[in-house]
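Note sheet for the following structure.
The values are calculated or read from the model by the stated rules, or taken from the named source; none is laboratory data. In this text, all values refer to a predicted model and were calculated from it rather than measured experimentally. Positions of Cβ are generated from backbone atoms using ideal geometry, with glycine treated the same way; all protein chains shown enter the neighbour counts.
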Amino acid sequence: MGQIKRVKILSVVFLVLLLATAAAYLLPLLKEKRQALPDIALSDGLAGLDELDFQFKGKKHELKPTQTGEEWYIDNAYPVKDQFLALIQTGFSRLKVKRVLSKEFITQADSLFTADGIVLNWKSAENKGSFSVVSNPNDPNSSYYRSSALGKETYVAFVPGFTGDISNIFRLEAGEWRKKTLIAGSSRNIQSIQLQYSNQHSESFILSFINGDYQVIDIPKLDSTKLYTYLEHYEQLSVDKYVSLAKADSLKLVNKTDLIAQLDVKMLDARASRSLDIYNLNKEPGFALIYIRPNNEWALIKTQRLFPLMVKKAYFVKK
């Protein structure tokens, strides 16, 4: 009986030693395997980039910041929504590899990349890179990820703490990225404003940034408080709704509208500059119709946003 007990004890000791030896051998291997997963995050996110373009189903779009960095534009035409920029910032700075995609899913992944893959190319002052992503059909909170810089491997990538597939925003058309902002950027970046009234030419004015300060042409005694209050009304000025040419023509016909003024705003970054033709809408109380250049678009804007801009030249005279 004592012999049997001794054998059992030795067996337990042997098993413990065997498990300890296996753990000592396998744990470093597992740790090494975990450490071998590539770091795919861009540490500074979008903030560290000078340029980003993406391609989906043959359509390519480009994102670039303004000179001041306050805004990003898509296709050099529209300022991008802040929430989209925040999503990209989060995604790029926190993107992480969960695991290498199992071999049995590679064929499926190949088909998905061909049919629905999104190719992204980024560039910073010091570096550039490219990668492709496509939604993971087996997990709504992750994507398949490939990069030529990492060889032929396919990875499952995700953004910790984020619900959903962040890459979906790159499937949207350029128009869905745009802000309703009419004048993008800070009012401090305004270089000149010219307001020309159709029927009150003497009340028209030109405001310019000259020799480090703002001046209104032909007004020697300027009320600087009123001037800077006026400029503040341009801060993130936005429209309420973009309308089609057909809708604009219909509004003009129904309202028997007239062109009441032309407003030209030049910004430090030329892409943010806008010229507006302003029409009154007699039967649309609370709104004005505007034609926007250089985008050649029509939009409705609330008169409460517009009226503070429609001052007369005498407004700026210091009394």
When you scan the stretch 220-242, how many residues do you find that are closer than 16 Å to Gly185 by Cα and of a type in the set (Val, Ile, Thr)?
1
Suppose we keep only residues that are assigned to a strand (DSSP E or B) and surrounded by fewer than 17 Cβ atoms within 10 Å (Cβ to Cβ) within the stretch 263-279. Which one would you say is farthest from the chain's Cα centre (by Cα)?
Asp277
Can you name the residue in the stretch 225-275 that is modelled with pLDDT of 90 or more and either basic (Lys, Arg) or not assigned by TED's automatic domain parsing to the domain that holds Tyr197 (or both) and, of all such residues, is nearest to Lys302 (Cα to Cα)?
Arg274
Given the conditions (1) modelled with pLDDT under 95; (2) more than 22 Å from Asp44 (Cβ to Cβ); (3) more than 20 Å from the chain's Cα centre (by Cα); (4) not small (Gly, Ala, Ser), every one holds for Asp75 apart from (3)
Tell me the residue from Ile210, Ile183, Ile193 that is among the hydrophobic types (A, V, I, L, M, F, W, C) and out of contact with any strand residue (DSSP E or B) (no Cβ under 6 Å at 6 or more places or on another chain), please.
Ile210
Does the stretch 296-305 include one or more residues that are part of a strand (DSSP E or B) and within 26 Å of Ser202 (Cβ to Cβ)?
yes
When you look at Ser244, is it under 29 Å from Gly175 (Cα atoms), out of contact with any strand residue (DSSP E or B) (no Cβ under 6 Å at 6 or more places or on another chain), in contact (Cβ under 8 Å) with a residue 40 or more places away in the chain and loosely packed, with under 15 Cβ neighbours inside 10 Å, yes or no?
yes
Within the stretch 280-295, residues of a type outside the set (S, T, N, Q) and either assigned to a loop (DSSP other than H, G, I, E, B) or touching a helix residue (DSSP H, G or I) at 6+ places or on another chain (Cβ under 6 Å) (or both) come out as Leu281, Lys283, Glu284, Pro285, Gly286, Ala288, Leu289, Pro294
Return only the number of the condition from (1) buried (at least 17 other Cβ atoms within 10 Å of the Cβ); (2) farther than 20 Å from Gln83 by Cβ that Thr225 does not satisfy.
(1)
I need a count of the residues in the stretch 175-214 that are surrounded by fewer than 16 Cβ atoms within 10 Å (Cβ to Cβ), assigned to a helix (DSSP H, G or I) and under 32 Å from the mean Cα position of the chain (by Cα).
3
